[in-house]
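*Asks:* Just dropping this structure here.
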Amino acid sequence: MGALTDFATVGTAYAAHSRAARGRLRHDLVGRRLLSELPADPVRVLDAGCGDGEMTLRLAAAGHHVTAADPSADMLARTARRVTARPELDQRVRLLQAGIDELPTTGEPFDAVCCHGVLMYLADTPGSFARLAALVGAGGLLSVLTKNRSAIGFREALRGDYPAARRLIEHGADTSIGNLGLVTRGDTADELDRLAAEHDLTPLSWQGVRVFTDHHDDDWDPAPGTYAQVLETEWTASTRDPYRRLGRLVHTLARREPAGATP
Ligand SMILES: C[S@@+](CC[C@H](N)C(=O)[O-])C[C@H]1O[C@@H](n2cnc3c(N)ncnc32)[C@H](O)[C@@H]1O
């Protein structure tokens, strides 16, 4: 599987993006939805492509047991440092240096597998999706966040770069420049839901992420009251058409039938 980039060199830029309001908004929207679909009691979660560990920490803080996997030693070290700084979470997080291709498939499956912000950097969505789906146990959840192919060009237009927007829209582009200045690839929610069904998972309603705010730069720094209003507006739009279709990212979720359930 060809990675579109090598994350050893972009860790610092990603961490800065993740902490900025734009990055935080994405984590708040996705984390809220993901946690709402998980049981209140602790479950076993795989965070595939954990990066610097934002979702790992949120899941562990909610009581879940998280395997945080990433092929990049630099990214994994960032997660490790953040976990060490929260000793109360230490026992709930296991670190694993592995890409999606290298994840062990022989152990006990997970109650939830999340793979956020990774597929857009990889060439083969169906192959990656198959490997992730295989790790979801009975009754378990698969949560995938990636770039929304349907909205490519929307950010460029909102930023006033009309020639770029027009080029992308006219050509039905499936790639564009992402947050880190790298070319990233998009997928559609419909295609991801179709893949879920192919792997015996039932799609739940998907979320469009960053509809009204994606044109901001990472130096966007709204006052706390404004941020709260933005978050609630984005949250409301994230599951409603037509707004969600223009989100920068799509968050799809799908559940495997519990063991013994009648088909
Ligand atoms: C943009 S970061 C996203 C990190 C985190 N999931 C988040 O949402 O904040 C992308 C991560 O994907 C990882 N990655 C790259 N190729 C991968 C692969 N083949 N399998 C799993 N993760 C990969 C990178 O090392 C990087 O940490």
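*Asks:* Checking the condition closer than 18 Å to residue 159 by Cα and over 16 Å from the mean Cα position of the chain (by Cα), which residue from 241, 214, 219 passes?
*Replies:* 219
*Asks:* If you scan segment 45-68, which residues turn out to be acidic (Asp, Glu) and in contact with a His (Cβ under 9 Å, 6 or more places away or on another chain)?
*Replies:* 47, 54
*Asks:* Given the structure, is residue 166 within 21 Å of residue 214 (Cα to Cα), surrounded by fewer than 17 Cβ atoms within 10 Å (Cβ to Cβ), away from the ligand (no atom under 16 Å from the Cβ) and more than 17 Å from the chain's Cα centre (by Cα)?
*Replies:* Answer is yes for this residue.
*Asks:* Now a separate question. Can you say whether residue 160 is out of contact with any helix residue (DSSP H, G or I) (no Cβ under 7 Å at 6 or more places or on another chain), more than 14 Å from the ligand (Cβ to nearest atom) and assigned to a loop (DSSP other than H, G, I, E, B), as far as the supplied structure shows? If you could, list the steps in order and put the result at the bottom.
*Replies:* Working: out of contact with any helix residue (DSSP H, G or I) (no Cβ under 7 Å at 6 or more places or on another chain): yes; more than 14 Å from the ligand (Cβ to nearest atom): yes; assigned to a loop (DSSP other than H, G, I, E, B): yes.
Taking the combined requirement at face value, the residue satisfies it.
*Asks:* Considering 69, 98, which residue is touching a helix residue (DSSP H, G or I) at 6+ places or on another chain (Cβ under 9 Å) and over 30 Å from residue 226 (Cα atoms)? Working first, answer last.
*Replies:* Values: 98 fails: touching a helix residue (DSSP H, G or I) at 6+ places or on another chain (Cβ under 9 Å).
Criteria check complete, one pass: 69.
*Asks:* Looking at segment 28-44, which of the residues that are touching a His at 6+ places or on another chain (Cβ under 7 Å) and basic (Lys, Arg) is surrounded by the most Cβ atoms within 10 Å (Cβ to Cβ)?
*Replies:* Per the stated criteria, the residue is 33.
*Asks:* Can you tell me which residue is nearest to residue 187 (Cα to Cα) among those in segment 199-247 that are part of a helix (DSSP H, G or I) and free of Cβ contacts under 8 Å to residues at least 12 places away in the same chain?
*Replies:* Per the criteria, the residue is 236.
*Asks:* Filter segment 126-150 down to the residues that are surrounded by fewer than 23 Cβ atoms within 10 Å (Cβ to Cβ), part of a helix (DSSP H, G or I) and of a type outside the set (D, E, K, R) and list them by number.
*Replies:* Of everything in segment 126-150, those that are surrounded by fewer than 23 Cβ atoms within 10 Å (Cβ to Cβ), part of a helix (DSSP H, G or I) and of a type outside the set (D, E, K, R) turn out to be 126, 127, 130, 133, 150.
*Asks:* Can you tell me which residues in segment 232-244 are in contact with a Gly (Cβ under 6 Å, 6 or more places away or on another chain) and not small (Gly, Ala, Ser)?
*Replies:* Matches in segment 232-244: 244 only.
*Asks:* Okay, moving on. Please find, within segment 45-89, the residue that is nearest to the ligand (Cβ to nearest atom) out of those that are assigned to a loop (DSSP other than H, G, I, E, B) and in contact with a Lys or Arg (Cβ under 8 Å, 6 or more places away or on another chain). If you could, list the steps in order and put the result at the bottom.
*Replies:* Here is the first cut: in segment 45-89, the residues assigned to a loop (DSSP other than H, G, I, E, B) are 49-53, 62-64, 70-72, 85-86.
Imposing the further condition that a residue be in contact with a Lys or Arg (Cβ under 8 Å, 6 or more places away or on another chain) reduces the set to 51-53, 63-64.
Values: 51: 2, 52: 7, 53: 8, 63: 20, 64: 15 Å.
The qualifying residue nearest to the ligand (Cβ to nearest atom) is 51.
*Asks:* Quick one: in segment 18-27, of everything that is within 12 Å of the ligand (Cβ to nearest atom) and surrounded by 18 or more Cβ atoms within 10 Å (Cβ to Cβ), which residue is modelled with the lowest pLDDT?
*Replies:* The initial filter retains those residues of segment 18-27 that are within 12 Å of the ligand (Cβ to nearest atom), namely 18-19, 23-24, 26-27.
If we keep only those that are surrounded by 18 or more Cβ atoms within 10 Å (Cβ to Cβ) too, we end up with 18, 23, 26-27.
Numbers: 18: 83, 23: 94, 26: 97, 27: 97.
Only one residue fits best here, namely 18.
*Asks:* Could I ask something else about it? Restricting to segment 230-263, name every residue that is hydrophobic (A, V, I, L, M, F, W, C) and surrounded by 15 or more Cβ atoms within 10 Å (Cβ to Cβ).
*Replies:* Residues satisfying the conditions are 230, 231, 235, 237, 246, 249, 250, 253, 254.
*Asks:* Then there is this: So, in segment 99-122, how many residues would count as being more than 10 Å from the ligand (Cβ to nearest atom) and not hydroxyl-bearing (Ser, Thr, Tyr)?
*Replies:* So the answer is 8.
*Asks:* May I ask you to list the residues in segment 199-229 that are crowded, with 18+ Cβ neighbours inside 10 Å, hydrophobic (A, V, I, L, M, F, W, C) and closer than 25 Å to residue 178 by Cα?
*Replies:* Once the filter is applied, which keeps residues that are crowded, with 18+ Cβ neighbours inside 10 Å, hydrophobic (A, V, I, L, M, F, W, C) and closer than 25 Å to residue 178 by Cα, segment 199-229 yields 206, 209, 211.
*Asks:* Would you pick out the residues in segment 7-64 that are of a type in the set (Val, Ile, Thr) and touching a strand residue (DSSP E or B) at 6+ places or on another chain (Cβ under 9 Å)?
*Replies:* If the condition is that a residue be of a type in the set (Val, Ile, Thr) and touching a strand residue (DSSP E or B) at 6+ places or on another chain (Cβ under 9 Å), then 30, 43, 45, 56 are the ones that fit.
The values are calculated or read from the model by the stated rules, or taken from the named source; none is laboratory data. Keep in mind that this is a model prediction, so the values were computed, not measured. Neighbour counts run over all protein chains shown; Cβ positions are idealised from the backbone, glycine included.
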